[in-house]
Every structure is written in C-alpha cells, then in structure tokens.
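Written out below as structure tokens is the structure these notes cover.
Throughout, read-outs are computed from the coordinates displayed, never taken from laboratory work. Keep in mind it's a predicted model, so treat the numbers as computed, not measured. Here the Cβ is made from the backbone with ideal geometry for all residues, glycine too, and neighbour counts use every protein chain on show.
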Amino acid sequence: MMCKRAAVVNEFVIHTILIALILAVFLFATAERVNGRDVRQQVLEKQLALLIDSAETGMSFGVSKTNINGIIDDVYVRDNRIFVKVDGLRSIGGYPYFSKYSVEVEETKGKFVVKVK
Amino acid sequence: MMNERGQMAEGINTMYRLFMVSVVAFIVFGVGSFVYSYQIDVRDAEAHILAREIVNCLTDDGSLDLSGEIDGMIENCGVVDIERAYVGVEVVDLDGKEIASFSEGDSGALWMKDLYGKVVATGNSLVGTEGIGEYEPGYYKADYFVVVLSDNRKFDGKMKLEVLINYANE
C-alpha cells in the first residue's frame, strides 16, 4: 500500500503528463491548420495578384512547381482572377487583380510563367 | 490510507474525468477548426498599388489636366475591378481652396471605414477580431504636388488621393 503523500504525487505526475499530451496534440493541430494547404494557396494567390497589380506591360515572373509553399499543380487566370492549385487542392474563388494589362500564364518545364502584356 | 481497491477506483475515476475533458476539448477545437478561416490581409498593399496606378494615369505628363470632362477620369484609366475599390480625388490650390473633386467606385467603403474608425475611437477596437475585422477596407491616403491645368490657367496645386479596397470574395 502507498502512503497518502506518494499517492498524491503519483496522481499529480500522471495528470501533468496527460495534460501536456493533450496540449501538445492541440498545438500540433493548430500548427497544421495555420500551415495547411488552403493557407499556402492563399499566400501564393495573393502574392501573385499583388505582383500582377504592380507589374508594367512586358514583365513576366516565374513560379517554380516545387515551391516553398508546396507542389504547384496549376496556375491560371480567369475573369481577372488568379487561381493556384497547391498539393492537389483546387482553388474555388481565386483572388482578384485590377491590372489594366492582359495577363497570361504559360507552363514550361519546372515552372509556370505569368506574363503581363 | 486507502486500500488497493480504493486506489484503483480513484484511478479509474481520474481517467474517466480526463477522458471527458478530452472529448469536450476535441469537440470545441473540431467545431472551431471548421468555422475558423485564416485570412491574410493584403488590401492595404492593394490600395497603395492602386493609388500609384491612378496617380500615374491622371498625371501622366506631370500635370493634371482638368480642362476637359472630369467625370469618368478615373474610369478612363482602365483599371478593372473598380467595383471593389473606391478612389476619391480632391484637387486644391496651394492656399487650400478646392478646385475640383471627383470619385469612382463603391462609396459604401467610406461608410465602412468611418464605422471602423468610430468603433476604434470608442476604445472597442475591432482590429484582429476574426469574422468582423476582415470587412474593414484596405486604406491609403496621400497628397501629391502637381501642376494643374484648369480654365486656361496653369498653376501649382495639390492632389489629395484616397483609396479604399473592399473585402474580396474568395
């Protein structure tokens, strides 16, 4: 039989370990949510929209398919919106840009090239 | 001092309580993860870029020509998606007297900006409040010194530009 003090210490240690485990699971879940595909897709679409908005005619910029934000499967423009497909996640609404120039996307080996004409 | 059966019963009771706490926490976090959407706000940057585009368009050769029709001057710049934006221009001379004033786009954005300004002024800042704060428009305001052409006169003046960018449906 354990003495009462030992039982209390034992219970406290088990509680602490379990609470730490639950907190760790929640922290990892939150980190996963923040670094999720939808967030990385949002980052890419907004970066590209800002680049298009500030670009002058004749400029072009490349987006590597093996990107820091994941594997880029597709980049396309439609109705003055830019869409990026990241890690298989298809973009639903894209992000609008307001450039007065015509924008085209060309796929080359290893990257997508956004051209502002 | 407890006997062994008592300790075991208390251990089971503790595990049960922890299990219930975990279930409740998982439900709260699970529902939260569905409702929560992470928004990256770039509207201030968009407002800044749009302001630059409008200034370059209106004062292409370094002077602001007000001798023609001023309605539609901003629209003629050819910027698309102006429905999401509001651009207001006020032209004054160096004494501050108003020469011309024109705007384009959704003037409701001004009302939204005023609303958020008032809420912040009362001490209940909405900045960072998810679900409400995301509707605060992106904002950029700047004054530019220009040469104004108006009524066959050429004089130094100031162009006050205000740009607001609304929430974009994604």
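So here's what we get for this one:
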{"quantity": "Ranked B:48, A:15, criterion: other C-beta atoms within 10 Å, fewest first", "calculated": "A:15, B:48"}
{"quantity": "Rounded to whole Å, sorted largest first: equivalent-ellipsoid semi-axes of the protein assembly as shown, Cα gyration tensor", "calculated": "57, 26, 13"}
{"quantity": "Whichever lysines have a C-alpha closer than 24 Å to that of residue B:160, once near sequence neighbours (fewer than 8 apart) are set aside", "calculated": "A:100, B:97, B:113, B:118, B:141"}
{"quantity": "Gyration tensor verdict on chain A (Cα atoms; rounded if a/c is under 1.5, prolate if a/b is larger than b/c, oblate otherwise)", "calculated": "prolate"}
{"quantity": "Distance between modelled label sites at residue A:67 and residue B:12, nm, 7 Å Cα→Cβ extension", "calculated": "5.6"}
{"quantity": "Efficiency of FRET from Cβ geometry, residue B:52 and residue B:75, R₀ 22 Å, rounded to 0.05", "calculated": "0.80"}
{"quantity": "Where no second cysteine Cβ lies under 4.7 Å, the cysteines concerned in the protein assembly as shown", "calculated": "A:3"}
{"quantity": "Residue-averaged [θ]222 nm for the protein assembly as shown, counting only DSSP H segments that reach four residues, each worth -39500 (n - 2.57)", "calculated": "-13500 deg cm²/dmol"}
{"quantity": "Nearest-ten-degree value, helix A:37-54 long axis tilted from longest Cα axis of chain A", "calculated": "30"}
{"quantity": "Residue B:98 paired with residue B:63, simple spin-label distance in nm, labels 7 Å along Cα-to-beta-carbon", "calculated": "2.5"}
{"quantity": "C-alpha long axis of helix A:4-34 to longest principal axis of chain A, angle in °", "calculated": "10"}
{"quantity": "From the C-alpha gyration tensor of the stretch B:1-98, square roots of 5λ in Å", "calculated": "70, 14, 10"}
{"quantity": "Dipole of chain A, positive end: most advanced residue of A:102, A:60, A:86 [Cβ charges, Cα centre]", "calculated": "A:86"}
{"quantity": "Sparse-neighbourhood loop sites, GluC sites (Glu not before Pro) in the stretch B:22-83 - DSSP loop, at most 14 other Cβ within 10 angstrom", "calculated": "B:69"}
{"quantity": "Selection of GluC sites (Glu not before Pro), the stretch A:1-91, meeting DSSP coil and at most 11 other Cβ within 10 Å", "calculated": "A:56"}
{"quantity": "Shape call, the stretch A:5-72: gyration tensor on alpha carbons, a/c limit 1.5", "calculated": "prolate"}
{"quantity": "Euclidean distance of C-alpha centroids, the stretch A:1-58 and the stretch B:41-92, integer Å", "calculated": "43"}
{"quantity": "Average projected area [Cα convex hull, the stretch A:1-43], square nanometres", "calculated": "3.2"}
